[in-house]
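The values are calculated or read from the model by the stated rules, or taken from the named source; none is laboratory data. Here the structure is a predicted model, which is why all the values come from computation and not from measurement. Quick reminder, even Gly has a Cβ in these numbers, built from the backbone with ideal geometry, and neighbours come from all protein chains shown.
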């Protein structure tokens, strides 16, 4: 079992931050500084992200890895905050251990409640073609341009570029791997849930957020008119306030 690279900071009620599929735990830097007063904040890098290795031919489960890490840290109860793909992992973790998850915050999440739109499929095709051609620079440029909203600073764009480039290199080096997803059962998720959607995000993610807010038993939808897909990098302090409000609601 690979132990995920992680950071634990602060004290108080536990909050677990799960990064997007185009980033690593550094996407939460500002939010951690805002949450640590009053919270114990844990964030981790999934396999192939940041320093956490992804071995060639590995067979694993991202959600299983997160659960194992939380067991290792002795966390019995916690809130889960997941962005994009991290939201999908959070849904798996919460389904597997609903009695341990006090709250869910899903920011522009991935979930199987909507069909990918043409724009998202076009991005996937273009990224795949660029990676196949070995043009990782252009593939990284595409992701940054697609997933950061208009309010992102140059520093945020540079950070996302570095994170995504590292992810591509790690994934290419690992080749074919088997990442087993745990079941997701929305009916089991009776804890309070806040779903966040960015108005400048791709239609698939906006539709996904709205549908999750509609079907989950105890959910609230927060729509951010200024945000793209990664509000934690676009307006870090405002996003931290959104998360803190969701945790204290």
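Checking the structure you have, find out if any residue of the range 222-237 is in contact (Cβ under 8 Å) with a residue 12 or more places away in the chain, closer than 18 Å to residue 151 by Cα, loosely packed, with under 14 Cβ neighbours inside 10 Å and in contact with a helix residue (DSSP H, G or I) (Cβ under 8 Å, 6 or more places away or on another chain). Among the residues of the range 222-237, at least one is in contact (Cβ under 8 Å) with a residue 12 or more places away in the chain, closer than 18 Å to residue 151 by Cα, loosely packed, with under 14 Cβ neighbours inside 10 Å and in contact with a helix residue (DSSP H, G or I) (Cβ under 8 Å, 6 or more places away or on another chain), which makes the answer yes.
Going residue by residue through the range 57-74, is there one that turns out to be in contact (Cβ under 8 Å) with a residue 24 or more places away in the chain, farther than 30 Å from residue 175 by Cα and over 14 Å from the mean Cα position of the chain (by Cα)? Within the range 57-74 (the criterion being in contact (Cβ under 8 Å) with a residue 24 or more places away in the chain, farther than 30 Å from residue 175 by Cα and over 14 Å from the mean Cα position of the chain (by Cα)), the answer is yes, since at least one residue qualifies. Listed by first and then second residue, the pairs linking a residue in the range 174-203 that is on the phi > 0 side of the Ramachandran plot and touching a residue at least 12 places away in the same chain (Cβ under 8 Å) to a residue that is part of a loop (DSSP other than H, G, I, E, B) and surrounded by fewer than 12 Cβ atoms within 10 Å (Cβ to Cβ), with Cβ atoms under 6 Å apart and 6 or more places separating them unless they lie on different chains, are 175/56.
Please verify whether the range 21-38 includes one or more residues that are part of a loop (DSSP other than H, G, I, E, B), touching a strand residue (DSSP E or B) at 6+ places or on another chain (Cβ under 7 Å) and touching a residue at least 40 places away in the same chain (Cβ under 8 Å). No, because not a single residue in the range 21-38 is part of a loop (DSSP other than H, G, I, E, B), touching a strand residue (DSSP E or B) at 6+ places or on another chain (Cβ under 7 Å) and touching a residue at least 40 places away in the same chain (Cβ under 8 Å). A residue that is in contact with a strand residue (DSSP E or B) (Cβ under 6 Å, 6 or more places away or on another chain), closer than 18 Å to residue 104 by Cβ and either in a strand (DSSP E or B) or modelled with pLDDT of 95 or more (or both) can be found somewhere in the range 227-241. List every residue pair whose Cβ atoms lie under 7 Å apart, where the two residues are 6 or more positions apart in sequence or sit on different chains, the first residue falls within the range 101-124 and is closer than 21 Å to residue 142 by Cβ, and the second residue, located anywhere, is in a loop (DSSP other than H, G, I, E, B). Correct list of pairs: 108/84; 108/201; 108/229; 110/84; 117/202; 119/202; 120/202. Scanning the range 163-184 for residues that are under 19 Å from the mean Cα position of the chain (by Cα) and surrounded by 14 or more Cβ atoms within 10 Å (Cβ to Cβ) yields 163, 164, 165, 166, 167, 168, 170, 171, 179, 181, 182, 184. Out of all the residues in the range 137-153, is one or more closer than 16 Å to residue 26 by Cβ and surrounded by fewer than 15 Cβ atoms within 10 Å (Cβ to Cβ)? Checked the range 137-153: at least one residue is closer than 16 Å to residue 26 by Cβ and surrounded by fewer than 15 Cβ atoms within 10 Å (Cβ to Cβ). Residues that are in contact (Cβ under 8 Å) with a residue 24 or more places away in the chain and either within 16 Å of residue 151 (Cα to Cα) or surrounded by 14 or more Cβ atoms within 10 Å (Cβ to Cβ) (or both) within the range 238-248 comprise 239, 240, 242, 243, 244, 246, 247, listed in sequence order.
Out of the residues in the range 193-213 that are surrounded by fewer than 19 Cβ atoms within 10 Å (Cβ to Cβ) and touching a strand residue (DSSP E or B) at 6+ places or on another chain (Cβ under 8 Å), state the one that is nearest to residue 159 (Cα to Cα). So, considering only residues that are surrounded by fewer than 19 Cβ atoms within 10 Å (Cβ to Cβ) and touching a strand residue (DSSP E or B) at 6+ places or on another chain (Cβ under 8 Å), the one nearest to residue 159 (Cα to Cα) is 199.
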